[in-house]
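The structure appears below as structure tokens.
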Amino acid sequence: MHKLVTILLLLLFTLSIKAQVLPQKGQKQEGVKSTQVQDSLRTKQKLQGKEKTSEKQIAKIEDYLIISHERDTTYLDTSLTIQKEYKFNYLRKDNFGLIPFSNLGQTYNSLTHNFANSNSMPLFGARARHFNYMEIEDINYYHVPTPLTELFFKTAFEQGQLADSFFTVNTSPQYNFSIAYKGLRSLGKYQNILTSTGNFRFTSNYTSKNKRYNVRGHIVTQDLLNQENGGLQDDSVIDFESGDQEFIDRSILEVNFENAESIMQGKRFHLDHSYSLFNKSVKAHLPETLNDSTSKSSLKINHIMSFEDKSYEYDQTSADTDYFGDAFKSTSLKDKATLENFYNKVQVDYFNNVLGRIQLNVNTNNYNYGYDKLVVLNGNTITNRIKGNIVAVGGKYSKRYKGFRFNGELGANISGDFDGNYLKANAVFNLNSEISASASINHSSKVPNYNALLYQSDYINYNWQNNFSNIETQQIGFNLKYKNLANIIVDYSTIDNYVYFQKDQTTLQVAPFQNTSTINYLRVKLVNEIKFGKFALNNTILYQNVKDDNNTLNVPELNTRNTIYFSSPLFKNALYLQTGVTLNYFTKYYMDAYNPVLAEFYVQNDAQYGNFPRLDFFLNAKIRQTRIYFKAEHFNAAFTGYNYYSAPNYPYRDFSIRFGVVWNFFL
């Protein structure tokens, strides 16, 4: 089966190369959403292969299309906005609600959680290492009139850098491919926290000339290496918080161990192709309540196939029994969990401009998770594998009518060892061009993640096999938006049978547990921007309230990010300047602790962390298609106190100066 997947994808990615052609002048881009603020592409570019006497054709910025996994289409944005400042980081996305560890490439602690779910299968586990793991939903496809290159660079912490290089080209109007690699190496300020990560992506998409057949796919390989130190020793925590100049050199602070590392690896081959059986317009005689009009209808068959091989490995040269408890052996500890998942989905998609879009599908998951050995502990045998096949069915419905849009989706497992189902619906109403409102509901029932069901380790207390009940979640949400002045997002979730990690009171080691009470979780988020000429105040404020008798879900009550900034073109528009200060702050709460063996955060209710402001000064500039970033991160560290942590015993970043660049090339 694996060979079949490889052969199919090689056929996809080795399509013959044809001459590149620009889109016709004035050609419309259907379904394209505009994200551009500053039109940055000013260079006139001629159609390749045309004679000099031919009319010039100009490639517009709107012609450089970016197509998401869900087939939502935007175009390239080379502007410099405050949102670009928020996304200029390791993840290359807005990380509000996350607090990073001290070194680039380490994990993030979550300050908020979203329990909306449309997946009926358990996840791999090692969730703390997945923030930079690119899933199917993170991969985009492209259609460009000329070759496009983007270079991203940002300085790291001590002996390293972060770089992300991207190239895409249409070899013909029908065929596009892209290739990209993001690499990081950073030593870090503390002992034994070196990070070295790589994300390789190759995408390809093809549409036949008659528009009836479309095929796209990607190959992604990833390796995310972190050295692990278990955080600062308790005595070093006191030294860190003292602010003594002797300990400003963080490398002299004692950590819990210096002989461990972990690595997350994965490779995925993904294929998505469809064929349109018909696509026609006919004169329809509709009921009297509707006028006679042209009815547009289409029928399409779609097949999706994806194979992913993923592993998480924790290595330690000698056992640290004081930190993790007794071990089966004293040296060369190696824990490795693997997951192979082969997914197939066949769907029928019918569209009618009167009825809407209806999709029906059936899919299969062949999964194989586990280890290469059996464990016998206290007379009980812990199995080494969870494997099987799941058959599921599902459907989608969407309809647009004037300013109203409705989307619904459901799915359920009908065969196999895992029960699971989900339902989600969303309705959007545009009152006018300035005001929109939406409401959503979501229900989900799914098995807990694989590492809560089965785990094996060379550390004795990190071996278990559980039969937990399904996690049941329900969520309702509302959203009201008025221009940029106010975007209010409210959601309320109830969670039953919540599975979490916490220290066992007997072994004092981390293990999974299931909450028997219902959790009620409310979030209210306000996003707005107020402008005063060339100055602006951008705010993101999140209020959270949790009702949980067992205190298994801990989040800060208030989390805020406020940026005041100045932006203006200078030197006759040759340069666009953006500069300001950002405040990040969250209230004290029982922050989750980090366990490197599991690569999971676990609940602790012993000490509260938070209530420390983080101030960043930034100075950014844009020259043509180049954006230059300069930042003084956490410049208030020395005068507001050394009480800042990303997790218990894991300090947040000290004051540092960093810079970087994003450069787009249009050939």
Label corresponding to P(r) over Cα pairs in 10 Å bins from 0, in percent when calculated from the structure given, among (i) 3, 13, 22, 27, 21, 10, 3, 1, 0; (ii) 3, 12, 17, 18, 16, 12, 9, 6, 4, 2, 1, 0, 0; (iii) 3, 15, 22, 20, 15, 11, 8, 4, 1, 0: (i)
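Using a cut-off of 11 Å between beta-carbons, work out the net charge of the residues near Pro569 (Lys and Arg +1, Asp and Glu -1, Pro569 not included).
Around Pro569, the surrounding residues sum to +3.
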FRET efficiency, 1/(1 + (r/R0)^6) with R0 45 Å, evaluated for Leu577 and Gln514 via beta carbons: 0.25
Residue-wise HN-Hα coupling along segment 189-197, computed from phi with Karplus coefficients 6.51, -1.76, 1.60 (Hz; x: Gly, Pro): 8, 9, 5, 6, 10, 4, 10, 8, 10
Rounded FRET efficiency, nearest 0.05, which uses the C-beta distance separating Tyr492 from Arg212 and R0 of 45 Å: 0.50
Nearest 10 degrees, 0 to 90: helix 2-13 Cα axis against the chain principal axis: 40
Nonlocal Lys pairs with alpha-carbon distance under 24 Å, segment 471-596 (8 or more apart, or different chains): 13
Whole-angstrom gap from segment 216-287 to segment 316-350, using each part's C-alpha centre: 16
Residue-count net charge about Tyr492 - beta-carbon cut-off 12 Å; Lys, Arg +1, Asp, Glu -1: +1
Residue among Asn226, Ala59, Ile248 farthest towards the positive dipole end of the chain, charges placed on Cβ: Ala59
Straight-distance crosslink candidates among aspartates and glutamates, where the alpha carbon sits under 12 Å from Lys446 and sequence neighbours closer than 8 are dropped: Asp417, Asp419, Glu472, Asp496
Between segment 577-602 and segment 646-662, the Cα center-to-center distance that results, in Å: 11
Estimated vicinal HN-Hα couplings, Hz - segment 109-117 in sequence order (Karplus 6.51, -1.76, 1.60; Gly, Pro = x): 8, 8, 9, 8, 9, 10, 9, 5, 8
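Keeping every protein chain present and rolling a 1.4 Å probe, give me the accessible area per residue for the chain in Å².
Values: 31510 Å² over 667 residues.
I get 47 Å² per residue for this part.
The values are calculated or read from the model by the stated rules, or taken from the named source; none is laboratory data. Quantities reported herein were computed from a predicted structural model and do not represent experimental measurements. Positions of Cβ are backbone-derived with ideal geometry, glycine not excepted, and every protein chain shown enters the neighbour counts. Heavy atoms of the whole protein, side chains included, go into the accessibility calculation; ligands, DNA and RNA do not. Shrake-Rupley method; radii C 1.70, N 1.55, O 1.52, S 1.80 Å.
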